[in-house]
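What follows is a single structure, written as structure tokens, with notes after it.
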2 protein chains.
Amino acid sequence: MTQTAAIIGGGVIGGGWAARFLLNGWNVRIFDPDPQAARKINDVLTNARRSLPGLLDVALPKEGQISFHDEITQAVEGAVWIQESVPERIDIKRRTLAEIQDTCNPAAVIGSSTSGFKPSELQQDAKRGSQIMVCHPFNPVYLLPLVEVVTTEENDAQITESAKDLLTGIGMHPLHLKKEIDAHVADRFLEAVWREALWLVKDGIATTEEIDNAIRYGFGLRWAQMGLFETYRVAGGEAGMKHFMAQFGPALKWPWTKLMDVPELTDELIDLIAGQSDAQSGHFSIRELERIRDSNLVAMMRALKSQDAGAGALLAAQEQSLRANSELGQVAADIVDPSLPILTLRRCVPLDWTDYNGHMNEAKYLQAFGDATDRFMALVGCDAAYIATGGSYFTAETHIRHIDEVHAGVLIEVRTRVLGGGGKKMHIWHEMYDGDRLLATGEHFLLHVNLKTRRPCDASTAIDAALRRFVEAQAHLPLPTGAGRSIGAPR
Amino acid sequence: MTQTAAIIGGGVIGGGWAARFLLNGWNVRIFDPDPQAARKINDVLTNARRSLPGLLDVALPKEGQISFHDEITQAVEGAVWIQESVPERIDIKRRTLAEIQDTCNPAAVIGSSTSGFKPSELQQDAKRGSQIMVCHPFNPVYLLPLVEVVTTEENDAQITESAKDLLTGIGMHPLHLKKEIDAHVADRFLEAVWREALWLVKDGIATTEEIDNAIRYGFGLRWAQMGLFETYRVAGGEAGMKHFMAQFGPALKWPWTKLMDVPELTDELIDLIAGQSDAQSGHFSIRELERIRDSNLVAMMRALKSQDAGAGALLAAQEQSLRANSELGQVAADIVDPSLPILTLRRCVPLDWTDYNGHMNEAKYLQAFGDATDRFMALVGCDAAYIATGGSYFTAETHIRHIDEVHAGVLIEVRTRVLGGGGKKMHIWHEMYDGDRLLATGEHFLLHVNLKTRRPCDASTAIDAALRRFVEAQAHLPLPTGAGRSIGAPR
């Protein structure tokens, strides 16, 4: 049965909660007195619909119904989850919670998005503190999984367990703190870093942009996959967490931050942290952790490269420079011998191209052939500048023969022949090699299109001429083995 | 001409520098008195060779030569870059730098990997302070691009510029600080977070693992792509950076961290930060920044899912649960009507499947067909448990016809027919739809293999029977349009 969530307060955070519930199949009822509330929530929903459904390799449940209500009492009707995201003032929060509790289901979860208040402060003077808890999410709520769940002894254990199950069901990770504390956990780190950053900018050490780069090109990439302690466990190497802490212990007394009120590093505290770290990651050796870390970084940095963002933009720039200074940087007029197959790809198989069969995944063969096609297109003049004028080639048909396996770390090359082309057509043949070992062939038929109409049309005369030059120069070569083959045809 | 780097001190950091230079085509000369140095550096090199070359979509230059030397004077011979990574004690650093300067090229860069010392401390009493600078990298040095470059007025501007160029050439990002300060920039943040984390563990608020999860499921993912200030700029929404700072300004006086020695938030400081943030990101609207942020997060989180790590492991668990509770969770015996095409994929096209032509990239069609094949394999019993026993199917041949375009956000389905199979063979036919709109067909011929010998062999009798059941039930269907076609054959 479709469940209902009530969203009380519809700003960036409330809107994010609404999107998270709605796209996971819940009905969502909104209360927000702001006359702009519907527009603002729709803006968040537009972004969420764009990014969340494709995040998984399987479809989410059918989207629920969203409705807007003028009174809190209407909005909470039938809701098993009520999320309060009103402004960060304790008097407003308490007044809102009282209104919610006037009519809501006593077994419903009332989660508060508060960044700073403790649950005991929210429960004070409430009709039923047992159903009120901190559920502090992170922006964008529809994508980031973390929710800090903070409760007190007054909370009903069954409602708390149900809250954690419901959060897991909408793809979130409930982190249930052992005790309440001002600003919970994550925001305490953010606050510490924020204060230090204010000093650095004020003292003229670095600009905001330089500080952002110091984070996203360095420890930000480590933290996104392992966090703080596991990262340091790896840094400590084979000597372990205790060694790491002993080595960096003295730094606690050094002026490495302006934030100097630090705990005393007693043996007890060292043992506590080293023991917890063992329980967390002791089943992996440091070498294993290093490989996990590196695989994650490769996958993330390559992902960022696909977006030309952060550390990925640095990779893209390096690639461009490497390519320009190699045989791959040529244009058609420079090709010494157009009558031979042309080198269109030379790359190492990355870690994240491996699948459960322990070899390069079939889709990555087409990725590599597609990259080779892009390179050949650029060679005949269909490069980024030409594409920006509104013409490009689309692949209409592909035939791949997998001849042999290949593994991460192997240098592969693709050499390309032109079997036909001119006008709107291009018929090419790729062979992928590891040295002399043939790994696969790719036969591709492409059509030149007008990117406005999305219909086929002739390529520019310059491209046509460059393409025909290759077709003619290579006409003397015998038809490659496997060209024109269909699946099921006798070999 | 091949350039030479001298690595003085070969621990985790020195070894990482060695790998970074070597794999970017430099010759590397190592000095480290530790008798285990060669083994340790080879361990780092093994990891680096595994992850770095495939990080780019183009091959790196040919690897340089590595050599080990008993004396610093030998190691620095011919080096244009000398990197000092000896233990973090100023007396050892100064003695090492003096020995390096006895014989090194006066125009060479001498970079120090120091985490904490200022360059003026390293230059004190040196023969030529002009060539000594802090070049502080981040572990793993062969993957993370950040290097903090810190100089003083004593430094030679030409050597400093050349240092920055050389770092860029090996794929790094030199962040040249405006002034020296203890611990530079990034480690000051790490130290602040570390101190706060010690308090949280000591006070029993959260364990090390919970703290790591609070980072990697939340702000860690934001920081990996945008850092601190740009993230807050987005969080501030349309009201801008000043509004964000005013809103969170009061928190500086609140007990949100135990680290309380904070700068006064004057109008001057607010203007300074807001102005720098404008210069950094003012050319994007908040909506644009939000979309950039979300695209990055999708790409990174999907990348982490491919590794079953961090926030990606949460996605994988959610996927599994969604799949199990849908039509896609069936096994062969549950299929109501095996005589009709079978639903094998139902997913939304993710953001990061779009290419420069503005539509789903050709390789992602095969990705989706490959996922559909995996699902069909599991349906007939070739699931993860069976694969763990040593049998699986490898694709031998693929033929894709692209019928229509599709864009990110669209829900696509694949329906699968079995054209033949039994023994070691499987011949399947996928059709990809957006509603009733046919997007593409995929014809695939697979062979069952023994995963030890990597040679074809018959599938288990259970799989054989399940497969033949589908073949027989679907034998009455007409051959699909396009099946058996080859490229270039008349339509």
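As for the range A:33-42, it holds at least one residue that is closer than 20 Å to A:H69 by Cα, touching a Lys or Arg at 6+ places or on another chain (Cβ under 8 Å) and more than 10 Å from chain B (Cβ to nearest Cβ).
At pLDDT 85 or above, surrounded by fewer than 17 Cβ atoms within 10 Å (Cβ to Cβ) and charged (D, E, K, R): is that true of B:D334 in this structure? Judged against the criteria, B:D334 is not a match. Contact map, the range B:378-390: residues that are closer than 15 Å to B:V449 by Cα paired with residues that are aromatic (F, W, Y), Cβ distance under 8 Å, separation 6+ or inter-chain. Pairs shown: B:C382/B:Y393; B:A384/A:Y356; B:I387/A:Y356. Look at the range A:284-312: where a residue is facing chain B (nearest Cβ under 7 Å) and a partner is outside any helix (DSSP H, G or I) and modelled with pLDDT under 75, sitting 6+ places away or on another chain with Cβ atoms under 8 Å, you get A:I292/A:F284.
Taking strands (runs of 3 or more DSSP E) as the structural unit, those lying wholly within the range A:1-94 and holding at least 3 residues that are buried (at least 17 other Cβ atoms within 10 Å of the Cβ) and in contact with a helix residue (DSSP H, G or I) (Cβ under 8 Å, 6 or more places away or on another chain) correspond to A:4-8, A:27-31, A:81-84. When the test is whether a residue is over 16 Å from B:K93 (Cβ atoms) and surrounded by fewer than 16 Cβ atoms within 10 Å (Cβ to Cβ), B:D125 does not pass it. Of all the listed residues (B:T208, B:T151), the sole one being hydroxyl-bearing (S, T, Y), within 7 Å of chain A (Cβ to nearest Cβ) and within 23 Å of B:S115 (Cβ to Cβ) is B:T208.
The condition of being modelled with pLDDT of 95 or more and either part of a loop (DSSP other than H, G, I, E, B) or hydroxyl-bearing (S, T, Y) (or both) holds for only one of B:T168, B:T160, that being B:T160.
Residues that are among the charged types (D, E, K, R) and at the interface with chain A (Cβ under 7 Å from one of its Cβ atoms) within the range B:327-368 comprise B:R346, B:R347, B:D352, B:E362, listed in sequence order. If only residues of the range A:460-491 that are in a loop (DSSP other than H, G, I, E, B) and touching a Lys or Arg at 6+ places or on another chain (Cβ under 7 Å) are counted, the one that is nearest to B:H399 (Cα to Cα) is A:G482.
Pick from the range A:284-301 the residues that are among the small types (G, A, S) and at pLDDT 75 or above: which of them is farthest from B:V298 (Cα to Cα)?
A:S295
For every residue, the table says whether it meets (1) under 30 Å from B:D294 (Cα atoms); (2) touching an Asp or Glu at 6+ places or on another chain (Cβ under 9 Å).
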residue	(1), (2)
A:V80	yes, no
A:V109	yes, no
A:P119	no, yes
A:Q131	no, yes
A:N139	yes, no
A:Q158	no, no
A:E161	no, no
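In this structure, does B:T151 turn out to be of a type in the set (V, I, T) and assigned by TED's automatic domain parsing to the domain that holds B:T114? It is true that B:T151 is of a type in the set (V, I, T) and assigned by TED's automatic domain parsing to the domain that holds B:T114.
What is the residue count in the range A:448-473 for residues that are closer than 11 Å to A:G421 by Cβ and in contact with a Phe, Trp or Tyr (Cβ under 6 Å, 6 or more places away or on another chain)? Residues flagged as closer than 11 Å to A:G421 by Cβ and in contact with a Phe, Trp or Tyr (Cβ under 6 Å, 6 or more places away or on another chain) within the range A:448-473 amount to 1.
Just checking, how many residues over the range A:181-203 are touching a Pro at 6+ places or on another chain (Cβ under 7 Å) and either in the same structural domain as A:M133 (by TED's automatic domain parsing) or surrounded by 22 or more Cβ atoms within 10 Å (Cβ to Cβ) (or both)?
Count: 0.
Residues checked against (1) touching a His at 6+ places or on another chain (Cβ under 8 Å); (2) small (G, A, S); (3) closer than 28 Å to B:Q330 by Cα; (4) surrounded by 15 or more Cβ atoms within 10 Å (Cβ to Cβ):
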{"site": "B:H448", "(1), (2), (3), (4)": "no, no, yes, yes"}
{"site": "B:R454", "(1), (2), (3), (4)": "no, no, no, no"}
{"site": "B:A465", "(1), (2), (3), (4)": "no, yes, yes, no"}
{"site": "B:F470", "(1), (2), (3), (4)": "no, no, yes, yes"}
{"site": "B:I487", "(1), (2), (3), (4)": "yes, no, no, yes"}
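Note on the range A:9-32: residues that are among the hydrophobic types (A, V, I, L, M, F, W, C) and more than 16 Å from A:Q65 (Cα to Cα) total 2.
A single member of A:G409, A:G442 is touching a residue at least 40 places away in the same chain (Cβ under 8 Å), within 11 Å of chain B (Cβ to nearest Cβ) and in contact with a strand residue (DSSP E or B) (Cβ under 6 Å, 6 or more places away or on another chain), and it is A:G442.
The values are calculated or read from the model by the stated rules, or taken from the named source; none is laboratory data. Bear in mind that the values here come from a model prediction, so they are computed numbers and not experimental data. FYI the Cβ positions are ideal-geometry reconstructions off the backbone, even for glycines, and counts take in every protein chain you see.
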